[in-house]
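*Asks:* This structure is in structure tokens; I'll ask about it shortly.
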Amino acid sequence: MTILVDGDIYLLTECQQVKPGKGSAFVRARMKNVRTGSVIDRTFKAADRVDDVRVERRQVQYQYTDGDLYYMMDLASYEQIPVSASLLGDAVLFLKDNLTLNLLMTEHEVIGMEMPFFVELRVAETEPGIRGDTATGGTKPARLESGAVVQVPLFINVGDMLKLDTRTKTYVERV
């Protein structure tokens with residue numbers, strides 16, 4: 001649930017209703033500010049009112065970068081939506097042309113983004129694999145086509161396509 005508190009938009013991450021034996025009920029909430037990313041704990045009394053913020057998920061496709069802006073194309077209306085790098089955070093390390101993802105939007109602005117759990121990227125630079133290296137033997141760093149650097153098994157070579165988990169930023173398998 002997304003709410004408006006003190007002029008800022010917050011995403012509720014935890015919510016607990018407490019009914020003490022004495023006094024009125026209240027709600028303890030842990031909230032994340034969607035603009036700054038800070039997490040706060042707040043207690044609301046039963047009489048407190050908050051405004052609900054309608055958040056829409058739009059399926060978009062990454063198109064190109066121009067300075068600090070990343071341009072996404074809405075797949076329903078073909079509208080170009082600029083998104084700042086600060087809003088995308090570490091996800092920019094896994095963006096590649098024509099990648100489909102979801103933007104979280106209020107009526108007037110983009111407030112967040114949901115990356116797919118897995119992406120496939122090509123290895124651009126790594127040390128060459130040596131014959132006899134196994135999948136469980138160890139790891140080495142590899143630079144991907146998007147610029148991200150991840151640890152991969154020793155048998156991975158330049159040009160290999162890899163499946164990566166965007167949540168943990170780790171290698172999953174060779175494709």
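*Asks:* Given the options Val119, Val18, Val55, state which has the largest fluctuation in a GNM of the chain using a 10 Å cut-off (strictly under) for Cα springs.
*Replies:* Val18
*Asks:* Using a/c under 1.5 as the rounded threshold, could you call the chain rounded, prolate or oblate? The axes a ≥ b ≥ c are square roots of the C-alpha gyration tensor eigenvalues, and prolate needs a/b larger than b/c, oblate otherwise.
*Replies:* Cα axes put the chain in the oblate bin.
*Asks:* A follow-up question, please. Can you compute the helix-only [θ] at 222 nm over the chain? Use -39500 (n - 2.57) per DSSP H run of at least 4 residues, normalise by all residues, nearest 500 deg cm²/dmol.
*Replies:* Details: 1 runs with 4 residues, N = 175.
Rounded to the nearest 500, it is -500 deg cm²/dmol.
*Asks:* Ok, one more. For Lys22, which lysines qualify as cross-link partners when the Cα separation must be under 26 Å and same-chain residues fewer than eight apart are set aside?
*Replies:* Answer for Lys22, where 26 Å is the Cα cut-off: Lys45, listed by chain and number.
*Asks:* Go through 87-100, 56-69 and give me the packing order, highest mean Cβ count within 10 Å leading.
*Replies:* On the way: 87-100: 15.9, 56-69: 13.4.
Ranking the peptides 87-100, 56-69 by packing returns 87-100, 56-69.
Coordinate-derived values only; no laboratory data. Since we're looking at a predicted model, the values are computed, not measured. All Cβ positions, even for glycine, are placed from backbone atoms using ideal geometry, and neighbour counts span all protein chains on display.
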